[in-house]
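The values are calculated or read from the model by the stated rules, or taken from the named source; none is laboratory data. Bear in mind the structure is a predicted one, so any value in this text is a computation, not a measurement. Note: ideal-geometry Cβ built from the backbone for every residue, glycine included; neighbour counts use all protein chains shown. Surface areas here come from the heavy atoms of the whole protein model, side chains and all, with no ligands, DNA or RNA. Shrake-Rupley method; radii C 1.70, N 1.55, O 1.52, S 1.80 Å.
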Amino acid sequence: MAIFKGAGVAIATPMKENLEINFDKLDEMLEEQIAGGTDAIIICGTTGESATMTEAEHAETIRFAVERVNHRIPVIAGTGSNCTRTAIELSKEAEKAGADGLLLVTPYYNKATQNGLINHYTAICNEVKIPAILYNVPSRTGCGLQPQTIATLVKNVENIVGVKEASGNISNVAQIMHLCDGKIDLYSGNDDQVVPLLSLGGLGVISVLSNVAPTYVHEMCYKFFSGDIAGSCKMQLDALPLIDALFCEVNPIPVKAALNMMGKEVGTLRAPLTEMEDAHKEVLRKAMADLGLIQ
């Protein structure tokens, strides 16, 4: 059984003025996502500014999300690190907190060889029993998972069940599905490629767009699953201007700006991220309005 099917939100982390995590606001956001039809919560991912959290904050935020969601939909914890030991500890904490699964990004900065990646992921997943999704996003980490490496891990490590594919390389995605004989849960890591990956056997998306349009992304996936391919494709294409605006600066700068435009009051960003440039804000505002998300 897959951890989830459909639209999982890579949820942003709201901040107070003093840049502490705003747990009251996070509670509101979780409820709004569930009410909007989101199929899973991905907590402490890139969009959640996990890179600037302490390990204690990281663990506390995962525990909070698990408790508040309370089994209504799956909660997947981002517990990847460029230190295998740290990733193991974060993953064990997430399992202890009751997370339904893990999202494990490839090691960044120090990188790893393909054999190193196999050893890294095997070591992490041997220490926990909950299922894990590999996260391939070489544009951010400088380290890519090759299709054969993914296939080796899925075949040899029991609780590695899926991959969030954000390489943007459709040929690589097709090769992954071929080498895994379809026996892998494939999720798009790019909001502009959801329908193409669904057509290759994908189960859904781990989405930034879902922060501002949870019902929309859920419906786009489920139109596809129900056989309305044309309707799903139209939704994918109609959302492209907003998706482009959400990634015109480094994620999660634009999505936090978008949430604030919607009156969600999620606060600002931790350094080194900065507020969105005014010219980009106007493009984002127009795209949000065009899709009916703001007036």
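Using every pair of alpha-carbon atoms in segment 24-102, split the distances into 5 Å bins beginning at 0 and state the percent of pairs per bin, rounded to integers.
3, 17, 29, 26, 15, 7, 2, 0
Given N residues in the chain, what is Rg(Cα) / (2.2 N^0.38 Å)?
Working: Rg = 17.8 Å, N = 295, 2.2 N^0.38 = 19.1 Å.
Scaled against compact globular proteins, the figure is 0.93.
Treating the beta-carbon of each Lys and Arg as +1 and of each Asp and Glu as -1, no other charges, what is the dipole magnitude of segment 148-204 about its Cα centre, to the nearest 20 debye?
So the magnitude is around 140 debye.
Restricting things to alpha carbons, tell me how big segment 122-211 is in terms of Rg and Dmax, in Å.
Using the Cα atoms of segment 122-211, the pair Rg, Dmax is 12.5, 35 Å.
Under a no-solvent Debye model with one identical scatterer per Cα of segment 223-295, what's log10 I(q)/I(0) at q = 0.14, 0.18, 0.21, 0.25 Å⁻¹?
So the normalised log intensities work out to -0.49, -0.72, -0.87, -1.08.
For the chain, give the magnitude of the charge dipole about the Cα centre (Cβ charges: +1 Lys/Arg, -1 Asp/Glu; no others), in debye to the nearest 20.
Using only the charged Cβ atoms, the result is roughly 700 debye.
With a 1.4 Å probe and all protein chains left in place, how much of the accessible area of segment 112-246 comes from carbon and sulfur atoms, in whole percent?
Roughly 51 percent, rounded to a whole number.
What is the percent of Cα-Cα separations in segment 167-252 that go past 19 Å?
37
How much accessible area per residue does the chain have, in Å², with a 1.4 Å probe?
42
For segment 60-152, which GluC sites (Glu not before Pro) are both in a DSSP coil and crowded by at most 14 other Cβ atoms within 10 Å?
Here the sparse-neighbourhood loop sites are E127.
Based on the Cβ-Cβ distance of E158 and A271, what FRET efficiency does E = 1/(1 + (r/R0)^6) give at R0 = 51 Å, to the nearest 0.05?
Numbers: r = 40 Å, r/R0 = 0.79.
Approximately 0.80, to the nearest 0.05.
Quick one: what Rg and Dmax do you get for segment 141-181 from the alpha carbons, in Å?
10.0, 27
Which lysines, if any, have their Cα less than 20 Å from the Cα of K223, not counting same-chain residues under 8 positions apart?
Result set, ordered by chain and number: K5, K234.
Compute the longest continuous run of the chain that contains no exposed trypsin sites (Lys or Arg not before Pro); treat a site as exposed when its DSSP state is not H, G, I, E or B and it has at most 13 other Cβ atoms within 10 Å.
184-295
Give the average over all directions of the projected area of the C-alpha convex hull of segment 106-162, one decimal, in nm². Spell out each step's value before the answer.
Values: hull surface 14.2 nm².
Projected over every direction and averaged, the Cα hull of segment 106-162 covers 3.6 nm².
Can you give the charge dipole size of segment 111-245 about its Cα centre, rounded to the nearest 20 debye, using +1 on the beta carbon of Lys and Arg and -1 on the beta carbon of Asp and Glu?
Dipole about the Cα centre, nearest 20: 300 debye.
Ignoring everything except DSSP H segments at least 4 long, calculate the 222 nm mean residue ellipticity for the chain; use -39,500 (n - 2.57) per segment, divide by total residues, nearest 500.
-13500 deg cm²/dmol
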